[in-house]
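Asks: After the structure tokens below, expect a handful of questions from me.
Derivation of every value follows stated rules applied to the coordinates shown; laboratory data play no part. On a predicted model such as this, the values are computed, not experimentally measured, just so you know. For neighbour counting, all protein chains shown are included, and Cβ atoms are generated from backbone atoms with ideal geometry for every residue, glycine included.
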């Protein structure tokens, strides 16, 4: 079967630096302008998913994203856990189900007020979603969600509409779920069965470079074609990866040493890798979408 150019979504989770580990927004303020310049050079659209906190703290960045023609979506009220855990994070706890509706409604209203347009694309922090989240998103008018951690559940490999009883299964909800890109062609290490985070696309572009990442995209394309599935690639990145990431964080109560894989190749090397990857994908005829435009085309 002949190769088909992939549909590609590049999305950025606009949050505090290092996600849950720090309180600053250097990635949002310093990384975003670099990303907008890169996207303008390459002439492609992207989706920027803001936590309500980030949007409120940096209205000028939200406006810059919109003025550049990109989509502004929502990434929850804060970088908080909304659903089933798929990783261990000490000292952080999932919200109670009864908290979710109110916090997502508040987050949506804040991002809408800052952006001047209501967000219709969403992603859960840490890709931790739940039935409660999907029902809230549908009630709030979202049309697309990018929270499915393909590497973790390892079942949905193409866009789908979730079941009302189990968001991880296909059903008849109005929200389109976009599985994040994962590489199922590389076998897990010996002794590892089922879940393996090494399948996840993040942060492989930063750690391995564009050529190796493009190889993963091509390999997964063949894997999907063999199963009769469309070649779809949804990347999730973070603006703090495009500025030099600190190697340690000093708090009032102690010192936190940042794992090497979180800061390695951050800043200029990652910018160069992303631009090279875009060029390689374009050379193969890839089409680039925002989340909302892809969802509209898919449903149409």
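Asks: Could you tell me the largest-minus-smallest coordinate of the C-alpha atoms of region 73-215 on each of the three principal axes, in descending order and whole angstroms?
Replies: Result for region 73-215: principal-axis Cα extents of 46, 34, 32 Å.
Asks: What does the convex hull of the Cα atoms of region 1-137 come to per residue, in Å³, rounded to a whole number?
Replies: Taking the convex hull of the Cα positions in region 1-137, it is 136 Å³ per residue.
Asks: When DSSP beta bridges are limited to those with both residues in region 7-299, what percentage is antiparallel, rounded to the nearest 5?
Replies: Counting only bridges with both partners in region 7-299, antiparallel ones make up about 25 percent.
Asks: Next up: In Å, what Kirkwood hydrodynamic radius results for the chain from the alpha-carbon pair distances?
Replies: Mean inverse Cα-Cα distance, inverted, gives 19.4 Å.
Asks: Related question: Test of understanding: what is the full-extension gain from residue 186 to residue 296, defined as 0.36 nm times their sequence separation minus their Cα-Cα distance?
Replies: Fully extending the segment from residue 186 to residue 296 adds 36.4 nm.
Asks: At q = 0.22, 0.24 Å⁻¹, what log₁₀ I(q)/I(0) does region 123-204 have when each alpha carbon counts as one equal point scatterer in the Debye sum?
Replies: Summing over Cα pairs of region 123-204 leads to -0.98, -1.11.
Asks: Related question: If I model a spin label as a point 7 Å beyond the Cα along the Cα-Cβ vector, how far apart are those points for residue 139 and residue 166 in nm?
Replies: 2.4 nm
Asks: Summing -39500 (n - 2.57) over the DSSP H runs of n ≥ 4 in the chain and dividing by its residue number, what mean residue ellipticity at 222 nm do you reach, to the nearest 500 deg cm²/dmol?
Replies: Computed mean residue ellipticity for the chain: -10500 deg cm²/dmol.
Asks: Moving on to the next point. Can you give me the Cα centroid spacing of region 267-300 and region 1-52 in angstrom?
Replies: 11 Å
Asks: Just want the ordering: 118, 123, 139, 199, from fewest to most Cβ atoms lying within 10 Å of their own Cβ.
Replies: 139, 118, 199, 123
Asks: I need to check one value: relative contact order of the chain, counting alpha carbon pairs closer than 8 Å and at least 6 residues apart, in percent.
Replies: So the answer I get is 24 percent.
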